[in-house]
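*Asks:* Would you mind keeping the following structure in view while I ask a few things?
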Amino acid sequence: MFTIADSVENNSNKDITLYPYGLITHSPDQDASSNAVVHQGITGVLDNNLHEIKFKDLDPGESEKFTTSDGWAGFSDRYWFSAFILDGSEKNTVKARRNNEKSYQVDYLGEATQIAQGAVATKNIKFFAGAKEIKLLDNYKKHYNIPKFDLAVDFGWYYFLTKPFFYILDFLYNLIGNMGWAILLFAALLRVAMYPIAGKSYESMSKMKKLQPKIQTLQERYGDDRMKLQQETMALYRKEKINPAAGCLPLLIQIPVFFSLYKVLNIAIEIRHAPFIGWIKDLSAPDPLTISVWSHLPIPSLLNIGVWPIIMGLTMYIQQKLNPAPMNKDQARIFMWLPIIFTFMLGHFASGLVIYWTLTNILSIIQQKLIMRKYGV
């Protein structure tokens, strides 16, 4: 954080009028700025409102203008950030502009300042340039009373989860000394926290799996009458006191957790280049250990996946086999393909996320097996 003092001494023989002014220019890497996961572009909090403008949203010569007394504005990349911070003492006009195909600028223009003959006028402004270290930005936010300065980091929709997740991971990292093990411990703690909910879900699924022979009998009896089959199946569930929708609850809870952790691994510079064990040297990057024989084949890069995504896919397949089979054959075919689809999809995500998902699956399998044994399945 820099504090810039602009001073003008009026040595002329008349009063003068000047305007405080400053600008930041930026020529982004167009490939990097197309990242859809993290906002990269013009960003700022003006009059307590967050404004984010992607580079592609401005045409050459086009600009957007804001009037504010306090706040900040500048440019945000994935890990780096520059912005000027207004002190709130006067109204300022802030403008975001695209100069040409490659150049952008953010500038501010303050109110007119009268400087009498022989007088000196000084204007102070703060300017930040550096890495988006979350704890550092939080300290500046508190120390200088900068409104929502932590939003320079794109925490996403799940801000209320994403930011606490980062601090939990950072605490575990300082405790253990390795971010990969911190992620695994975090996954284990989440499973413990969700154990009661997941337990109820797995109890319901175990009971449903135990009912599979009876459901198959109903399918054989009412195979051509879908309405009757549905009615008899629901009647059987009511008789056995089973909620077929209960199995979806852990997945619904996992979705915001998954996206929040996904966001943390993509935005936190603290996780950039953080190693795990073996070949994982950067938990924010995809698994680099792809099946070498595939690299010689003329196939799309999407199909080149590492070892951890394959392990994750296997755990997902095992977990799926523990669940009761869908009644509808088309649904069963779709579910059969899900582990393969997720393997290739997550194969190009951050390896830290894949490792987290793998351990979560393993812990779920253990918990589900114990509950199934309890119900004699």
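*Asks:* Between Phe160 and Arg226, what FRET efficiency follows from the Cβ-Cβ distance if R0 is 41 Å, with the result rounded to 0.05?
*Replies:* With R0 = 41 Å, the Cβ-Cβ based efficiency is 0.45.
*Asks:* DSSP loop chymotrypsin sites (Phe, Trp or Tyr not before Pro) in the stretch 157-236 with at most 13 other Cβ atoms within 10 Å of their Cβ, which ones?
*Replies:* In loop regions of the stretch 157-236 (DSSP not H, G, I, E or B), the sparsely surrounded chymotrypsin sites (Phe, Trp or Tyr not before Pro) are Trp157.
*Asks:* What is the angle, in °, between the Cα long axis of helix 249-267 and the longest principal axis of the Cα atoms in the chain? Nearest 10 is fine, range 0 to 90.
*Replies:* So the helix axis and the longest Cα principal axis differ by about 40 degrees.
*Asks:* How about the stretch 56-149: which trypsin sites (Lys or Arg not before Pro) there are in a DSSP loop, with at most 13 other Cβ atoms within 10 Å of their Cβ?
*Replies:* Counting only loop positions with at most 13 other Cβ atoms within 10 Å, the trypsin sites (Lys or Arg not before Pro) in the stretch 56-149 are Lys102.
*Asks:* Is there a quick way to get the dipole size of the chain? I mean about its Cα centre, with the Cβ of Lys and Arg at +1 and of Asp and Glu at -1; what is the value in debye to the nearest 20?
*Replies:* Here the size comes out at about 2300 debye.
*Asks:* Let me ask something else. How far apart, in nm, are two points set 7 Å out from the Cα along the Cα-to-Cβ line at Leu252 and at Met1?
*Replies:* In this crude spin-label approximation the distance works out to 4.3 nm.
*Asks:* Restricting to lysine pairs 8 or more places apart or on different chains, what number in the stretch 66-153 have Cα atoms under 24 Å apart?
*Replies:* Lysine pairs meeting both conditions in the stretch 66-153 amount to 22.
*Asks:* Okay, next question. Taking +1 at the Cβ of each Lys and Arg and -1 at the Cβ of each Asp and Glu, which of Ser69, His51, Asn10 sits farthest along the dipole of the stretch 1-111 towards its positive end, judged by Cα position relative to the Cα centre?
*Replies:* His51
*Asks:* Moving on to the next point. For the chain, what is the mean residue ellipticity at 222 nm derived from helices alone (per DSSP H run of n ≥ 4: -39500 (n - 2.57); sum divided by total residues; nearest 500 deg cm²/dmol)?
*Replies:* The helix-only estimate for the chain comes to -14500 deg cm²/dmol at 222 nm.
*Asks:* Any idea of the accessible area per residue across the chain, 1.4 Å probe, to the nearest Å²?
*Replies:* 54
*Asks:* Hey, any idea what % of the chain's accessible area is carbon plus sulfur with a 1.4 Å probe?
*Replies:* 58
*Asks:* Can you tell me which aspartates and glutamates have their Cα less than 14 Å from the Cα of Lys210? Leave out same-chain residues fewer than eight positions away.
*Replies:* Partners found: Glu240.
*Asks:* Run the dipole for the stretch 151-278 about the Cα centre, Lys and Arg Cβ at +1, Asp and Glu Cβ at -1, nothing else charged, and hand back the magnitude in debye, nearest 20.
*Replies:* Roughly 520 debye, rounded to the nearest 20.
*Asks:* Could you state the principal axis extents of the C-alpha atoms in the chain, from the largest down, to the nearest angstrom?
*Replies:* Principal axes ranked by extent give 104, 49, 43 Å for the Cα atoms.
The values are calculated or read from the model by the stated rules, or taken from the named source; none is laboratory data. Quantities reported herein were computed from a predicted structural model and do not represent experimental measurements. Here Cβ is always computed from backbone atoms with ideal geometry, including for glycine, and neighbour counts include all displayed protein chains. Please note that ligands, DNA and RNA were not included when accessible areas were found on the heavy atoms of the full protein model with its side chains. Shrake-Rupley method; radii C 1.70, N 1.55, O 1.52, S 1.80 Å.
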